[in-house]
Amino acid sequence: MIRYFLCGIILCMCSIGIYYAQTKAPAPFGPVPSENQMRWQEMEYYAFVHFSLNTYTDQSWGFGNEDVKLFNPEKADCRQWARICKEARMKGIIITAKHHCGFCLWPSKYTEYSVKNAPWKNGKGDMVREMADACKEYGLKLGIYLSPWDRNSPVYGKPEYITYFRNQLTELLTNYGQIFEVWFDGANGGNGYYGGANETRTINRTTYYDWKNTYALIRKLQPNIVIWNDGGDRGDLRWVGTEEGFVGETNWSLLNATGEVEWGMLHFGLETGNSWVPAEVNTSIRPEWFYHPNEDNKVKTVPFLMETYYNSIGHNGSLLLNFPIMPNGLIHPNDEKAALEFAEAVKESFAVNLAETSKAEASNVRGNAKEFGPDMAIDNNKDTYWATDDNVTKASLTIDLGNPTLFNRFLVQEYIRLGQRVKAFTVEALVDGNWKEVVKATTIGYKRILRFPSLKATKVRFTITDSKSCPVISNIGIYNAPVFLNAPSIARNQSGEITITTNDIGPIFYYTLDGSESTTKSNKYTMPFPADGKVEVKAIAYDPASGKCSPIGHEKFDISKKDWKIVGINDEKASTIFGGNTSTVWHQKSDKKMPIDLVIDLGNKYNVCGFKYLPDQAKWSSGIITNYQFYVSTDNIEWNLIDQGEFSNIKNNPLWQIKNFSLVNARYIRLRALRNTSGDDVAGYAEVDVITK
Ligand code: FUL
């Protein structure tokens, strides 16, 4: 009897042993995030604030010779910024402690070009301190933007600058408490004031800053920090290759630790990368980073911001959304309104997870163990996950919603502490007893959200069709998000015909031509219509099914372009540059060398007070002009130089470049390209326009 009893105990112990052996958690696969990267990833959404002397000069980049006396934000209130960010459900704020102009928002010991010589608070102010205090009060984390390029420093470009740069970093990383992220912009070298030298200084982006030792210093001072660097050595986070607010649909949180990084790698990550370098999507709530009064009505709309949300957080990235601070030191009410409405829209979209109250089944469960079962993906616990046996790379998880249920979003998360694994998956729905493919996608990573038209189904099947190793899924969500219609796009071609379009399916457009707000009582749009000369068009999209209206789309058109001609060019494609279609482009290259002139005959004499240039919208394309001169003439013989300067930040943010000047009479205009982003002899144009009185 005792013998049987002992055997029983031994058998029992063996099976417990086998049970535990079979249900060991999957081993990490490939590179995995550090604790710092993990903490950062879970923040998901945080703010940038851009504030410097540029705020007072209407510039995007300062040259370093702007007067410190300009800095006097009489209502400056970092608590307002923090309150807005908190209410917008952001988790932190990164402040531009020093932008490219070199002006410091804190009283750095190492330069006179700082708040200590500004009239603000009689030189006793410290904006970084006020930001740190406000973040603390509102429970937000603080991050620092310190531009490596300094157009004010006399020693920029020389070895001494590295000591100066590290001294400033030390001040910022020592005196303001915990810093969650440090941001090193990639714009580096070029012309500047440089303590009066006023010259062009170039540096080698990969070697000049000796990042290895700079990183060691940072990690010593702030062990919990993440480093963002688009300039040199790989930091902890990567840029996504654009400032428009989206990262690739395929998005690996991997890159190689060394070697050149091209655009595609930034945008999609690198499937075979040997380092964990996740994507941070940085974009502004307005077109530009710094405050420009003419953008008060160009604040991004809720549908636009929702689009950004799906293309950043929904694509395995984090979202870093910028607020430009006004000269008085506050965030503009339009920006506040947009950010808070956006937060509401996100909340509403993901309010009810239909998967949480459903039943889940999986085609394979690791060791048949409950702790790796499908329920772990719908238990609202980020530390548990559904996993399969090691040899499985194709598997599905079916969610039974019980009744026919309406939904249009599918959210899925990998347990990335064990690496990013999934390469491809599908989502199917059981509609009226038949399985129907709803959507097909590639990578998942920390979070992936898929959108599709609303459908009613009783079951949802998530199938991993390819994975680097056994899948490990920590969360699944199914939602029925409200629809937000996009503001319509309005374009005018060279013959003066207006077209109104949208990417949404099926709405009706209404428009006005007199600057008044458009409503469903305005003119109904049925087809392109003529409206030449100066005209202001406002249009909305209306969805009869839901009764919802979009925000207003708004365009102001200047003089007629019917008679415009490019002088001395025999190329039919050339006139696309005033055709109103921003996706077409024309390049001047052939035998021309910089400077390259574009001469346009406006057909008549006009009182001109500005010009507009839109570069090629393809990312990092050739022929993006950075330095220009603008001339006018009444007879194409005698020319006057009216304006010259730079199109700052045009490579990363290829927006309409708008330059204003005092009124001149002109029939001919000449845009002279002096330099471009790639340093070759190509000048490219998507659109060129003038501003008249
Ligand atoms: C860019 C900078 O050059 C812009 O001015 C801005 O600070 C943005 C966040 O990064 O590359």
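The values are calculated or read from the model by the stated rules, or taken from the named source; none is laboratory data. This one's a predicted model, so the numbers in the text were calculated from it and none came from an experiment. Counting neighbours? That spans all protein chains shown, and the Cβs are built from the backbone with ideal geometry, glycine included. Heavy atoms of the whole protein, side chains included, go into the accessibility calculation; ligands, DNA and RNA do not. Shrake-Rupley method; radii C 1.70, N 1.55, O 1.52, S 1.80 Å.
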>> Looking only at region 482-497, filter to residues that are in a loop (DSSP other than H, G, I, E, B) and of a type outside the set (A, V, I, L, M, F, W, C); which one of those is most open to solvent (accessible area, probe 1.4 Å)?
In response: 495
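Name the residue, out of 603, 547, that is under 23 Å from residue 663 (Cβ atoms) and not charged (D, E, K, R).
603
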> Applying the selection to region 311-348, what residues are closer than 28 Å to residue 254 by Cα and open to solvent by 10 Å² or more (accessible area, probe 1.4 Å)?
Replying inline: 311, 315, 346
> In region 259-298, what residues are polar (S, T, N, Q), farther than 24 Å from residue 555 by Cβ and not in a loop (DSSP other than H, G, I, E, B)?
Replying inline: 275, 282
>> Tell me the residue from 194, 176 that is touching a residue at least 24 places away in the same chain (Cβ under 8 Å), away from the ligand (no atom under 16 Å from the Cβ), within 17 Å of residue 103 (Cα to Cα) and buried (at least 20 other Cβ atoms within 10 Å of the Cβ), please.
In response: 194
> What number of residues in region 81-104 are touching a Gly at 6+ places or on another chain (Cβ under 9 Å) and more than 14 Å from residue 135 (Cβ to Cβ)?
Replying inline: 5
>> When the residues of region 421-454 are narrowed to those that are within 27 Å of the chain's Cα centre (by Cα) and aromatic (Phe, Trp, Tyr), which ends up least open to solvent (accessible area, probe 1.4 Å)?
In response: 425
> Name the residues in region 498-512 that are buried (at least 19 other Cβ atoms within 10 Å of the Cβ) and part of a loop (DSSP other than H, G, I, E, B), would you?
Replying inline: 507
> Out of region 334-375, which residues are outside any loop (DSSP other than H, G, I, E, B) and either of a type in the set (Gly, Ala, Ser) or on the phi > 0 side of the Ramachandran plot (or both)?
Replying inline: 338, 339, 343, 345, 349, 360, 362, 367, 368
>> Looking at the structure I just gave you, is residue 54 touching a helix residue (DSSP H, G or I) at 6+ places or on another chain (Cβ under 6 Å), of a type outside the set (Asp, Glu) and closer than 30 Å to residue 647 by Cα?
In response: no
> Which one of the conditions (1) at pLDDT 95 or above; (2) touching a strand residue (DSSP E or B) at 6+ places or on another chain (Cβ under 6 Å); (3) within 16 Å of the ligand (Cβ to nearest atom) does residue 231 fail to meet, given that it meets all the rest?
Replying inline: (1)
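Looking at residue 553, is it farther than 15 Å from residue 534 by Cα, under 30 Å from the mean Cα position of the chain (by Cα) and in the same structural domain as residue 662 (by TED's automatic domain parsing)?
In short, no.
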> Do we have any residue at all in region 392-400 that's of a type in the set (A, V, I, L, M, F, W, C), in contact with a Leu (Cβ under 7 Å, 6 or more places away or on another chain) and open to solvent by less than 40 Å² (accessible area, probe 1.4 Å)?
Replying inline: no
> Quick one: would you say residue 330 is more than 15 Å from the ligand (Cβ to nearest atom) and either at negative phi or in contact (Cβ under 8 Å) with a residue 24 or more places away in the chain (or both)?
Replying inline: yes
> Mind checking which pairs have a first residue in region 275-303 that is over 30 Å from residue 265 (Cα atoms) and of a type outside the set (S, T, N, Q) and a second that is away from the ligand (no atom under 16 Å from the Cβ) and part of a loop (DSSP other than H, G, I, E, B), Cβ under 6 Å, 6 or more apart or different chains?
Replying inline: 291/326
>> List the residue pairs whose Cβ atoms are under 6 Å apart, where the first residue sits in region 430-454 and is under 30 Å from residue 37 (Cβ atoms), the second is surrounded by fewer than 19 Cβ atoms within 10 Å (Cβ to Cβ) and of a type in the set (S, T, N, Q), and the two are 6 or more positions apart or on different chains.
In response: 440/426; 442/250; 443/250
> Does residue 606 fit the bill of being at pLDDT 95 or above and in contact with a Pro (Cβ under 8 Å, 6 or more places away or on another chain)?
Replying inline: no
> Which numbered condition trips up residue 537, out of (1) over 30 Å from residue 517 (Cβ atoms); (2) modelled with pLDDT of 95 or more?
Replying inline: (1)
> among the basic types (Lys, Arg), open to solvent by 30 Å² or more (accessible area, probe 1.4 Å) and not in a helix (DSSP H, G or I), is that true of residue 75?
Replying inline: yes
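The rows are residues; the columns are (1) modelled with pLDDT of 95 or more; (2) under 20 Å from residue 192 (Cβ atoms); (3) within 16 Å of the ligand (Cβ to nearest atom).
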residue: 610; (1), (2), (3): yes, no, no
residue: 614; (1), (2), (3): yes, no, no
residue: 632; (1), (2), (3): yes, no, no
residue: 640; (1), (2), (3): yes, no, no
residue: 645; (1), (2), (3): yes, yes, yes
residue: 668; (1), (2), (3): yes, no, no
residue: 671; (1), (2), (3): yes, no, no
residue: 674; (1), (2), (3): yes, yes, no
> If you take the residues in region 299-308 that are within 26 Å of residue 228 (Cβ to Cβ) and open to solvent by 20 Å² or more (accessible area, probe 1.4 Å), which one is nearest to the ligand (Cβ to nearest atom)?
Replying inline: 300
> Pick from 56, 46: which is part of a strand (DSSP E or B) and either within 16 Å of the ligand (Cβ to nearest atom) or open to solvent by less than 20 Å² (accessible area, probe 1.4 Å) (or both)?
Replying inline: 46
> Can you name every residue in region 654-693 that is assigned to a loop (DSSP other than H, G, I, E, B), small (Gly, Ala, Ser) and surrounded by 20 or more Cβ atoms within 10 Å (Cβ to Cβ)?
Replying inline: 686
>> I'd like the full set of residues that are open to solvent by less than 10 Å² (accessible area, probe 1.4 Å), among the hydroxyl-bearing types (Ser, Thr, Tyr), more than 16 Å from the ligand (Cβ to nearest atom) and over 12 Å from residue 103 (Cα atoms), limited to region 147-168.
In response: 161
> Going through region 88-111 one residue at a time, which ones are away from the ligand (no atom under 16 Å from the Cβ), farther than 23 Å from residue 41 by Cβ and touching a residue at least 24 places away in the same chain (Cβ under 8 Å)?
Replying inline: 106, 108, 109, 110, 111
>> I need the full set of residues from region 129-146 which are away from the ligand (no atom under 16 Å from the Cβ) and in contact with a Phe, Trp or Tyr (Cβ under 6 Å, 6 or more places away or on another chain), in order please.
In response: 132, 141
> Is at least one residue of region 554-567 touching a residue at least 60 places away in the same chain (Cβ under 8 Å), within 16 Å of the ligand (Cβ to nearest atom), open to solvent by 30 Å² or more (accessible area, probe 1.4 Å) and more than 24 Å from residue 58 (Cα to Cα)?
Replying inline: no
>> Filter region 358-374 down to the residues that are surrounded by fewer than 18 Cβ atoms within 10 Å (Cβ to Cβ) and touching a strand residue (DSSP E or B) at 6+ places or on another chain (Cβ under 8 Å) and list them by number.
In response: 359, 361, 363
